[in-house]
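The values are calculated or read from the model by the stated rules, or taken from the named source; none is laboratory data. A quick note: this is a predicted structure, and the numbers were derived from the prediction, not measured. Neighbour counts are summed over all protein chains in view; Cβ atoms, including those assigned to glycine, are modelled from backbone coordinates with ideal geometry.
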Amino acid sequence: MPLVTSTEMFKKAYEGGYAIGAFNVNNMEIVQGITEAAAELRAPLILQVSAGARKYANHTYLMKLVEAAVYETGLPIVLHLDHGADFEICKSCIDGGFTSVMIDGSHHSFEDNIAVTKKVVEYAHAHGVVVEGELGQLAGIEDDVNVSAEDASYTRPEQVEEFVARTGVDSLAIAIGTSHGAFKFKKGQKPQLRFDILEEVEKKLPGFPIVLHGASSVIPEFVEKINKFGGKMDDAIGIPEDMLRKAAGMAVCKINIDSDLRLAMTASIREHMAEHPSDFDPRQYLSPARDAIKAMVARKIINVLGCDNKL
Ligand code: G3H
Ligand code: 13P
Ligand code: ZN
């Protein structure tokens, strides 16, 4: 089974009222934990790589790790560029074997976003690769860009039809109140998503796959463990699982998760090192960290995404 695009996955997900998990990968243990969970639950899967991940681990290493996972599990996997900032990085990933790219022009003007997205779509489609665009701006941190809550802006439903028609994108990320990172809402603020915007978008683009970024739940048991074993993540808060499940039943076909992977791994390593202070073999603490990722991804697939047994 080679790497695949998300076209068929999204079609089935839309019709079936579930979503595909798009998990960020940065090293071998993360790839293994995610793919072992997806394989056991027979879940379709998107693995995504950010510019930061390429800088950290190198394009070829990540590509080969994902190919190894396809070989070992037999899963149909989409390999996706997360938050491509410009045409050049999208082209580099398309030329380098990715099957899907995101061009994130959300910080540009509407016209400039259309121009750069259209250019990426033309190149990608000529190479059999699919493209995710974005309209509206999420708050939070991604790579070196930190968007404050004040500067974030919800997607304007009246723009989505024109954007999709003029760019030819295959899926669209929208901003309805999710945000990147582990601190998604201010202390005391009640987590809320603008389902009214999602409904409007769905009406304007019937059958079209929508993407939610910044969709980690910031699972409290990981935060508690991190705090218990010497960390300091007070006030970390994410998107409640029931809200994500609701979105997955609507037009949302791709749900992006990175922070929950980081939290699962960090909580496990902190706990292990606190309980085994003289361990210095990385395999001793990375094995339980990989298991923690696997368990977390399995829980997401069943409770949030609803994509188990959908191969
Ligand atoms: O949306 C951002 C993702 O969590 C990737 O984060 O740019 O630090 O790799 P990163
Ligand atoms: P989280 O920070 O909520 O995991 O979001 C990840 C993401 O959107 C990657 O593109
Ligand atoms: Zn994102």
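Some values worked out for this structure:
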read-out	value
Count of the range 137-151 residues which are in a loop (DSSP other than H, G, I, E, B), within 13 Å of ligand 2 (Cβ to nearest atom) and at pLDDT 65 or above	1
Condition met for ASP234 (at pLDDT below 95 and more than 28 Å from ILE197 (Cα to Cα))	yes
Residue count for the range 201-232, restricted to those that are within 16 Å of ligand 2 (Cβ to nearest atom) and either among the basic types (Lys, Arg) or under 22 Å from GLN48 (Cβ atoms) (or both)	12
Long-range neighbours under 9 Å by Cβ, at least six apart or interchain, first residue in contact (Cβ under 8 Å) with a residue 40 or more places away in the chain and away from ligand 1 (no atom under 16 Å from the Cβ) within the range 10-24, second part of a loop (DSSP other than H, G, I, E, B) and of a type in the set (Lys, Arg)	LYS12/LYS310; ALA13/LYS310; GLY16/LYS310; TYR18/LYS310; ILE20/LYS310
Cβ pairs under 7 Å, 6+ apart, first in the range 179-207 and in contact (Cβ under 8 Å) with a residue 60 or more places away in the chain, second among the β-branched types (Val, Ile, Thr) and outside any helix (DSSP H, G or I)	HIS180/ILE141; GLY181/ILE141; ALA182/VAL218
Residues satisfying the stated conditions in the range 214-259, i.e. crowded, with 24+ Cβ neighbours inside 10 Å and part of a helix (DSSP H, G or I)	PHE222, LEU244, ALA248, SER259
Which listed residue is closer than 29 Å to TYR285 by Cβ and within 16 Å of ligand 1 (Cβ to nearest atom), from LEU45, LEU81, LEU62	LEU62
Subset of the range 121-135 that is free of Cβ contacts under 8 Å to residues at least 40 places away in the same chain and either surrounded by fewer than 22 Cβ atoms within 10 Å (Cβ to Cβ) or closer than 21 Å to LYS55 by Cα (or both) - its residue that is farthest from ligand 1 (Cβ to nearest atom)	ALA126
Pairs with Cβ under 6 Å, 6+ apart, first in the range 29-44 and touching a residue at least 24 places away in the same chain (Cβ under 8 Å), second among the polar types (S, T, N, Q) and assigned to a helix (DSSP H, G or I)	THR35/THR73; ALA39/THR73
Checking LEU45 against (1) under 19 Å from TYR18 (Cα atoms); (2) over 16 Å from the mean Cα position of the chain (by Cα), the condition it does not meet	(2)
Index of the failed condition, GLY96 passing every other in (1) more than 16 Å from ligand 1 (Cβ to nearest atom); (2) closer than 24 Å to ALA298 by Cα; (3) not basic (Lys, Arg)	(2)
Qualifying residues in the range 48-85 (those that are assigned to a loop (DSSP other than H, G, I, E, B) and more than 16 Å from ligand 3 (Cβ to nearest atom)) - the one farthest from the chain's Cα centre (by Cα)	GLY74
Some residue of the range 233-254 being more than 15 Å from ligand 2 (Cβ to nearest atom) and over 30 Å from PRO44 (Cα atoms)	yes
Flag if LEU198 is under 23 Å from ASP242 (Cα atoms), assigned to a strand (DSSP E or B), away from ligand 2 (no atom under 13 Å from the Cβ) and within 19 Å of the chain's Cα centre (by Cα)	no
Residue tally, condition surrounded by fewer than 23 Cβ atoms within 10 Å (Cβ to Cβ) and at pLDDT 95 or above, over the range 1-17	11
The range 153-173: number of residues that are touching a helix residue (DSSP H, G or I) at 6+ places or on another chain (Cβ under 6 Å) and either assigned to a helix (DSSP H, G or I) or within 12 Å of ligand 2 (Cβ to nearest atom) (or both)	5
Candidates SER278, SER259, SER287, SER268 - the one that is touching a Ser or Thr at 6+ places or on another chain (Cβ under 6 Å) and of a type in the set (S, T, N, Q)	SER259
The one condition in (1) within 23 Å of ALA22 (Cα to Cα); (2) assigned to a helix (DSSP H, G or I); (3) out of contact with any Gly (no Cβ under 9 Å at 6 or more places or on another chain) that LEU311 fails to fulfil	(2)
Qualifying residue in the range 205-213 (condition: assigned to a helix (DSSP H, G or I) and in contact with a helix residue (DSSP H, G or I) (Cβ under 7 Å, 6 or more places away or on another chain))	no
